[in-house]
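The block underneath contains the structure these notes are about, expressed in C-alpha cells.
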Amino acid sequence: MEALRIQLVQAELVWEDARTNCERLAEMMREAPADISLLPEMFNSGFSMSPAKVSETMTGETVTWMRQQAATLNRVIAGSLAIREGDACYNRFLWVTPEGVIKYYDKRHLFRMAGEHKRYTAGQRRVIWHWRGWRILPLVCYDLRFPVWCRQQNLDYDIMLVVANWPTPRADAWRKLLPARAIENQCYVAALNRAGSDARGWTYEGDSTVLDAMGRSLLTLGPHPAIGVARIDRTHLNEVRQTLPFHQDADAFQLEATDCAD
C-alpha cells in the first residue's frame, strides 16, 4: 500500500455561483501536487437550502468539471454538491478518479437546525471506498457528530474523509470531535472545512486538518483560504493498531438505517 498525499483545499465560496467557485478551486488545486484534492461540502454553491436552484445531475457541469480536473491533474477530486435524481435532492459526496471512475456517498445526517432535512433526502447507506489499497470512509459535516455511524468494528477502513461547512459558533466541537474520531477508530482523519462567510451571515474558521491515528495533527490550516498537503503512510497505522489493539475489545452492534425526515 503506497503512501498518499492529501491536499486540503480550504476556500471561501461564492454564494450559489458554481462557475466562479470551480474556477477558484481549480486555481488553488494547481498550486501543489497531490494524490487526492479534498474540497468543501457543497463546494460549488455554499450550504444552500435552495436545491431547486443549485442542484445538478450526475451529468451536469460540476461533475463534468470534476472529471476534467481529475484527469488533468492526475489525482482524485473529492467534495460534495447538491445532486438531483428524479424528485429527490441529495447532499452528495463525490469521489472522482483520474480514470473517470465516480463513487459517491449521500449525507446521512441532515442538519435540521438549518432545515436541511426538509429540503434534501437523507442517504441510507454507509459506504467504504477502496483505492490504491486504502479503505476510505466518507462523511459530510453533521455526520461527524454521530459516532456510531462511523465506528470501526473490524478495522474496516483506514482513512476518514470529512467535508464540511462548519460555522464559527461551533468551531470548538469541530476541533474536539475530529481527534476523538481518529483516536477511537484508529484511523487517519482528513477533514476539510470552508473559510470566509456566506450570504446568510454565517462565518467559518476553516481549521481544516489531517490527523494521524493517535489524533495528532499532521497538518492544520488557519482561518483563511489556504491549501496544504499532508503525507500519510501505512507504517504508522499498522504500528498503532498492532501495539494498541483496542478493537479486539469493542462492543458488537448492528447499524439499521432509518428515515431522518419529519
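So here's what we get for this one:
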item	result
Residue count, region 58-67 (criterion: over 20 Å from the mean Cα position of the chain (by Cα), exposed (fewer than 15 other Cβ atoms within 10 Å of the Cβ) and within 13 Å of C22 (Cβ to Cβ))	1
Unmet requirement for R24, which otherwise passes all of (1) in contact (Cβ under 8 Å) with a residue 60 or more places away in the chain; (2) of a type in the set (K, R); (3) part of a helix (DSSP H, G or I)	(1)
Residue match in region 190-208 (condition: charged (D, E, K, R) and within 15 Å of R5 (Cβ to Cβ))	no
Pair list, Cβ < 8 Å and 6+ apart or interchain, from region 1-15 residues that are basic (K, R) to residues that are buried (at least 17 other Cβ atoms within 10 Å of the Cβ)	R5/A34; R5/D35; R5/I36; R5/V229; R5/A230
Residues located in region 235-259, provided they are at pLDDT below 90, among the hydrophobic types (A, V, I, L, M, F, W, C) and out of contact with any Gly (no Cβ under 9 Å at 6 or more places or on another chain)	A250, A252, F253, L255
2 or more residues surrounded by fewer than 22 Cβ atoms within 10 Å (Cβ to Cβ) and either of a type outside the set (K, R) or at pLDDT below 95 (or both): qualifying strands (runs of 3 or more DSSP E) within region 77-189	88-96, 102-106, 129-131
Search result, residues across region 1-57 that are β-branched (V, I, T), over 19 Å from L211 (Cβ atoms) and surrounded by 15 or more Cβ atoms within 10 Å (Cβ to Cβ)	V14, V54
Residue in region 204-224 that is within 17 Å of E41 (Cβ to Cβ), among the small types (G, A, S), surrounded by fewer than 21 Cβ atoms within 10 Å (Cβ to Cβ) and out of contact with any Gly (no Cβ under 6 Å at 6 or more places or on another chain) present	no
One residue from L244, L237 being over 19 Å from the mean Cα position of the chain (by Cα), farther than 18 Å from L4 by Cβ and in contact (Cβ under 8 Å) with a residue 24 or more places away in the chain	L244
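The values are calculated or read from the model by the stated rules, or taken from the named source; none is laboratory data. Just so it is clear, the structure is predicted and the values come from calculations on it, not from any experiment. With ideal geometry, Cβ positions are generated from the backbone for all residues, glycine too; neighbour counts draw on all protein chains shown.
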